[in-house]
1. For an R0 of 30 angstrom, estimate the FRET efficiency from the Cβ-Cβ distance between Ala237 and Lys47 and round to the nearest 0.05.
2. Cα-Cα over 22 Å: which of Lys154/Lys218; Lys167/Lys320; Lys50/Lys125; Lys47/Lys110; Lys197/Lys320?
3. For Tyr18 and Arg124 in one chain, what is 0.36 nm times their gap in residues minus the Cα-Cα distance, to one decimal in nm?
4. Calculate the radius of gyration of the Cα atoms of region 1-69 to one decimal place, then report Dmax, the largest Cα-Cα distance, as a whole number, both in Å.
5. Sequence-distant or interchain residues sharing an amide H contact under 5 Å with Val11, placed H: which?
6. Test of understanding: ordering Ile297, Ile185 by Cβ neighbours within 10 Å, fewest first, what list do you get?
7. I need the phi-derived Karplus couplings for region 153-164: 6.51 cos²θ - 1.76 cosθ + 1.60, θ = phi - 60°, integer Hz, Gly and Pro marked x.
8. If we count other beta carbons within 10 Å of each Cβ, what is the order of Ser227, Ser56, fewest first?
Amino acid sequence: MAKKTDISVLVVEDDIQYGQMLAEALKNLHFEVFLSFSATGGLDIIKKQKVDIILSDVNMPGISGIDFTRRIREMYLDIPVVLITGVNNLTMVDQALEIGASDYIVKPVKIEELPVMVERNLQRKARENRMFQDNRADTLLKALKALMRALDAKDPYTYGHSQRVVKLAMMMADRLNLDEERRYILQLAANLHDIGKIGMPDSILKKAEGLEDFEVRKAKDHPIVGSQILGEIEELAEVASIVRHHHERYDGDGYPDGLRGQAIPFFSRILSILDAYEALVSDRIYRKGMEKEKAFIEIAKNAGTQFDPNLVQIFIASMKKGLNGLQKDADEKSGDDDKNLLQIKKVI
Ligand SMILES: [Fe+2]
């Protein structure tokens, strides 16, 4: 249980004396207390202060406890509202519980019961919030999986390529000692870096070589299209930005924004190396993949121009060492999207 002084309670009560009495009692129980004599005043306090729980009267002039609860629910989903009511007002309380009040207490309030009531409602709200977050994460994962399936249906090569880039990315995550959250962001970005190809016509996507100028321009749109698709999902804002910049070059000659050096997001700089390496070593219908050693030389040649030189060093060194046997994994060419996506835990 949190220390009571860490818990802030907002009391909203139009009866000045009763409000003061409640606030005083809560202070004596070592809660941090804010007191307002109107719902409007209460809303002002919430905008400025950290409030953990609200105790509000039901019957108030102006905005009633019911409307107040509704407004709190619209704006601050995670603050529990406990209504204080007279015995005659239980129908209103029913209404308030329906629109999201957490609990109610009947006047006269038994002061000694307040700490338990506060703790119970904070715990219940925390549980609800966790469930809400889990559901959101679940929905997000399903949406991402659907996107990957769409890419697979459209262009199995790009899908397989993305899966292989994920494996390389996880090797880099180990090498760079990324914490769990950063690791998942990189994993998501690796999975989704070419998702914008969904919007590319097959005539361009599947053309082996000899693209016309207008086709090259269209092909170069895919980082923008990808970041726009992902940008629709608030929680993926960072992933969208990494995807947007995965074809930037370290010397500033890349696309879509011509960012240079450290201005390119760190994970985009990583993906750009992995993306190029994977494309070099993988077999295509029209050519055989390059030998790994030759691909390393090719990547190293472009360190400082196309790629971040430090990251090239790290990449080649860890590929050669085959960190903890992960090189073997990285070399396997089978796509395994279910396994990869299942590893993507919550990023929200
Ligand atoms: Fe790409």
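What follows is calculated from the coordinates using simple rules that are stated; it is not laboratory data. Everything quoted here is computed from the prediction, not taken from an experiment. Cβ coordinates were reconstructed from backbone atoms using ideal geometry, including for glycine residues, and neighbour counts include every protein chain displayed.
1. 0.80
2. Lys47/Lys110; Lys197/Lys320
3. 35.5 nm
4. 11.6, 36
5. Amide H neighbours of Val11: Phe34, Leu35, Ser36, Leu55.
6. Ile297, Ile185
7. Values per residue, Gly and Pro as x: 5, 6, 8, x, 5, 4, 4, x, 4, 4, 4, 6 Hz.
8. Least crowded to most crowded, the residues run Ser227, Ser56.
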